[in-house]
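Enquirer: Take a look at this one; I'll ask things after.
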Amino acid sequence: MIKNPIALVLAALLGAGSCLAEDAKEAEAAPAADANIATVNGTPYSLDLFRMFYMERMQETEHENDQAFQQQAFNEFMSLVVASQEGERRKLTDDRGVATALELQRLKVMSNAALASMAQEIEVSDDEITKAYEQVKKQAARTEYKARHILVKDENEAKKLIKELDKKADFAELAKKHSLGPTGKSGGELEWFDKGQMVQPFAEAVAAMEPGTYTKEPVQTQFGWHIINLQETRTAEPPKLEDVKPQLTAMVQRQKLGERLAEMRDKAMVELNEEVVQVKPREEASPEKPQAEAETK
């Protein structure tokens, strides 16, 4: 009989190094590595099993590790145990759907464990990291824009303001006086941005402009009508190699792991059940059909 489930859970988690108990002295000793957390209806359940369940629940719910959650998780684990035992009693493992689901879970666990083990064996050279970094720099290369804008509700009002700009009116002063946007009070000044940060009509208009010009026609977005003044452009600086080296290392590892997995898949001896799987041979180019044409079909 469990008299104090909270204390039990706390003691168990101390062994995993994740307990937040206020007084660690309450636990006389950390449990052994092969300890059980409980025996339910004669069947023992390991502490490691509960720890794994507990950590999954924490990740799923993004919950803080406190006594209330520990108690809740322990109760959920016990419910899982007794329901599973009931499934065994009902011989549900003989059900095709249940058996298939169990096998799928086994495949997933073994696959993830194997991939993790393989990943630890993959070494990444400095040359590979440098090559990956150059690719990242190319992909990260983008133009950033410095601009001001005036936002109004009415197209005709926007056109009137453009006429004032044509007469050498000050853009910032017009923005302060007329713009409905939050930047109006600062003369319509926007922070540096790239095209992906702005709504499409605004971004397209800016990309087509030359620095030092303003839009001769109002630009409509869901926010209203804009007059845009492009001040300058720059090429965004890529991150420094030392700042992204861990991410690059992981990226190269994933690529090499994917290649290794594809190689294993290609070398696997696969015998398909032709009564279930229909395999269509790859279409080969005939003399009447040029290779280039065949590849575009």
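Only the coordinates and a few stated rules stand behind these numbers; no lab work does. Treat the numbers as computed from the prediction; the structure is a model and nothing was measured. Here the Cβ positions follow ideal geometry from the backbone for every residue, glycine too, while neighbour counts run over all protein chains shown.
Enquirer: If you keep only loop residues by DSSP, which trypsin sites (Lys or Arg not before Pro) in the stretch 108-155 have at most 15 other Cβ atoms within 10 Å of their Cβ? Don't skip to the end; give the middle numbers.
Expert: On the way: sites: Lys108, Lys131, Lys137, Lys138, Arg142, Lys146, Arg148, Lys153; in loops: Arg142, Lys153.
Those satisfying the criteria are Arg142, Lys153.
Enquirer: What distance in nm separates the two pseudo spin-label positions at Lys153 and Glu242, each 7 Å out from Cα along the beta-carbon direction?
Expert: Simple spin-label model gives 5.5 nm for this pair.
Enquirer: Now a separate question. Order by neighbour count: His63, His149, fewest other Cβ atoms within 10 Å first, most last. Provide the component values of the computation, followed by the final result.
Expert: Details: His63 14, His149 25.
Fewest-to-most ranking of His63, His149: His63, His149.
Enquirer: Which of Trp192, Gln220, Pro182 sits closest to the plus end of the dipole of the stretch 142-235, meaning its Cα is farthest towards the positive end, when Lys and Arg get +1 and Asp and Glu get -1 on the C-beta?
Expert: Checking the options against the dipole of the stretch 142-235, the answer is Pro182.
Enquirer: With the crude spin-label approximation of a point 7 Å out along Cα→Cβ, what separation in nm comes out for Arg106 versus Ala169?
Expert: The two pseudo-label positions are separated by 7.7 nm.
Enquirer: I need the calculated FRET efficiency for the pair Glu64 and Glu271, taking r as the beta carbon distance and R₀ as 45 Å, to the nearest 0.05. Don't jump to the answer; show the numbers that get you there.
Expert: On the way: r = 52 Å, r/R0 = 1.15.
Computed FRET efficiency for Glu64 and Glu271 comes out at 0.30.
Enquirer: Using the number of other C-beta atoms within 10 angstrom as an exposure proxy, rank Glu259, Glu189 with the fewest first.
Expert: Working: Glu259 10, Glu189 16.
Exposure proxy ranking, most exposed first: Glu259, Glu189.
Enquirer: Now a separate question. Rounded to the nearest 20 Debye, what is the dipole magnitude of the stretch 142-235 about its Cα centre when Lys and Arg each give +1 and Asp and Glu each give -1 at the C-beta? If you can, show how the numbers build up before the last one.
Expert: Values: 15 positive and 15 negative charges, 36 e Å.
The dipole magnitude comes to about 180 debye.
Enquirer: Need one word for the stretch 79-184: rounded, prolate or oblate. Basis is the Cα gyration tensor (sqrt eigenvalues a ≥ b ≥ c); a/c below 1.5 gives rounded, then a/b vs b/c decides. Mind showing how you got there, number by number?
Expert: Details: a/c = 5.89, a/b = 2.17, b/c = 2.72.
Oblate.
Enquirer: Counting other beta carbons within 10 Å of each residue's own, what order do Ile122, Ile227 fall into, fewest first? Can you show the working numbers first?
Expert: Values: Ile122 14, Ile227 29.
Arranged by neighbour count, lowest to highest, Ile122, Ile227 become Ile122, Ile227.
Enquirer: At a Förster distance of 51 Å, what's the computed FRET efficiency of Val98 paired with Leu257, Cβ-Cβ distance as r, to 0.05?
Expert: Values: r = 32 Å, r/R0 = 0.63.
For R0 = 51 Å, the calculated efficiency reads 0.95.
Enquirer: For Lys176 and Ala83 in one chain, what is 0.36 nm times their gap in residues minus the Cα-Cα distance, to one decimal in nm? Provide the component values of the computation, followed by the final result.
Expert: Details: separation 93, 0.36 × 93 = 33.48 nm, distance 6.72 nm.
Full extension of this stretch gives 26.8 nm more.
Enquirer: Any idea what diffusion coefficient the stretch 142-235 gets from Stokes-Einstein, in µm²/s, Kirkwood Rh on alpha carbon pairs, 10 °C, 1.306 mPa s? Please report the intermediate quantities before stating the final value.
Expert: Working: Rh = 12.9 Å.
Answer from the Stokes-Einstein relation: 123 µm²/s.
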